[in-house]
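Report on the following structure.
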Amino acid sequence: MLLKALKTKEIAKLSETLAPKLVEHKLFRFLCPEREEREAFIEAYFNYYIPRWMERGDYLLIDENFDALVVLQSPRSSSHKFSGKGAKKLKKYPNAPAIFFYRGNLAYIVHLIAPRGRRLKVMTIFADKTHSEAALNLVDEAIGLSYQYHFNLMYDTLTRRHIEDMKEKGFVVTYQKMFASTTFVQTLMMLNKEE
């Protein structure tokens with residue numbers, strides 16, 4: 001289901017519901033290495049970024065049980081500082097600036113490998129392995145949006161979990177390399193549109 005607009009309390013509830021399910025998500029393992037702080041960090045992350053994604057016109061897809069969230073956002077790196085509502089809670093985490101490193105790195109790679117001349121959204125799946133089916137259903141919705149609104153779609157991940165599923169949906173690997181100083185492999189996959 002495509003999220004259109006959410007009130008602050010609804011965002012807080014969504015963040016609170018998703019956070020415990022994403023403690024082992026590799027992006028959050030990188031952004032918040034301290035396991036005991038990670039759930040609260042994830043909650044602060046979503047409380048900060050969901051309103052900004054919606055304001056920017058990015059697409060957010062959620063399943064009916066709030067088990068999986070798929071975000072389609074601009075690859076351009078956003079601000080390199082936290083400001084405004086929710087900033088204080090997020091920047092209290094020492095590793096929070098890693099968000100800017102990750103987004104900047106992603107923007108640079110996308111600039112090098114993405115085709116020119118068409119809008120592009122980068123898709124991130126926020127779901128644990130027990131909710132893969134819900135996440136993949138949201139990917140189908142995302143693919144539909146990419147055709148409806150005429151943008152290219154690139155999948156970004158630090159896990160190998162959905163790579164074969166994405167290939168079956170028409171995505172092709174365009175970049176794959178060890179990420180920074182981690183043991184995670186970053187993979188970017190472009191939806192192969194035959195138009």
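The values are calculated or read from the model by the stated rules, or taken from the named source; none is laboratory data. Note that the structure is predicted; figures quoted are calculated from it, not measured. All Cβ positions, even for glycine, are placed from backbone atoms using ideal geometry, and neighbour counts span all protein chains on display. Quick note on the areas: whole protein, heavy atoms, side chains included, nothing else; ligands and nucleic acids left out. Shrake-Rupley method; radii C 1.70, N 1.55, O 1.52, S 1.80 Å.
Note: relative contact order over segment 1-73, using C-alpha pairs below 8 Å and six or more positions apart, is 38 percent. Remark on Leu120: its backbone amide H falls under 5 Å from those of Asn152, a criterion applied only to residues 5 or more positions apart or on other chains, H modelled at 1.01 Å from N.
Net charge dipole, segment 105-195: roughly 400 debye, given to the nearest 20, about the Cα centre with Cβ charges of +1 for Lys and Arg and -1 for Asp and Glu. Relative to the dominant Cα principal axis of the chain, helix 8-18 is inclined by about 80°. When the chain is treated as a Gaussian network with alpha carbon springs shorter than 10 Å, the biggest mean-square fluctuation among Leu112, Leu31, Leu61 belongs to Leu112. Across all Cα pairs in segment 114-195, the calculated P(r) in 5 Å bins from zero up to the longest distance comes to 3, 14, 27, 25, 18, 9, 3, 1 percent per bin. Computed from Cα positions, the angle between helix 35-56 and the longest principal axis of the chain comes to roughly 60 degrees. Under the convention that each Lys and Arg Cβ holds +1 and each Asp and Glu Cβ holds -1, the size of the dipole of the chain around its Cα centre is about 980 debye. For Lys89, the lysines whose Cα falls under 23 Å of its own Cα, not counting residues fewer than eight places away in the same chain, are Lys7, Lys9, Lys13, Lys21, Lys26, Lys81. The fraction of all Cα pairs in the chain landing in successive 5 Å bins from 0 to the largest distance is 1, 7, 16, 21, 23, 18, 10, 3, 0, 0, given as whole percents.
Computed in the context of the full set of protein chains, the accessible area of the chain at 1.4 Å probe radius has 52% of its extent on carbon or sulfur. With a Förster radius of 35 Å applied to the C-beta separation of Glu168 and Asn65, the computed FRET efficiency comes to 0.90.
Have a look at Leu61, Ile50, Gly144 and report the one farthest towards the positive end of the charge dipole of the chain, computed about the Cα centre with Cβ charges (Lys/Arg +1, Asp/Glu -1). The residue sitting farthest along the positive end of the dipole is Ile50. Over the chain, Cα pairs under 8 Å with separation of 6+ residues give a relative contact order of 20 percent. Structure remark: mean-square fluctuation, Gaussian network model of the chain, C-alpha springs under 10 Å; the largest value among Lys21, Lys129, Lys92 belongs to Lys92.
Taking amide hydrogens as placed 1.01 Å from N in the peptide plane, the amide H of Tyr155 sits under 5 Å from those of Met123, Met189, Met190, Leu191, each at least 5 positions away in sequence or on another chain. In segment 79-160 the Cα-Cα distances spread across 5 Å bins starting at 0 as 3, 11, 17, 17, 18, 19, 13, 2, 0 percent of all pairs. The residues of the chain present an accessible area of 52 Å² per residue when probed at 1.4 Å with all protein chains retained. Computed over segment 6-74, the quotient of the alpha carbon radius of gyration and 2.2 N^0.38 Å is 1.07. Less than 15 Å Cβ to Cβ from Ala180, Lys/Arg counted +1 and Asp/Glu -1: what total charge do the surrounding residues give? Result for the neighbourhood of Ala180: +3.
Using Cα positions and a limit of under 17 Å, work out the aspartates and glutamates in reach of Lys121, with same-chain residues fewer than 8 apart set aside. Output for Lys121: Glu55, Asp58, Asp140, Glu141, Asp156.
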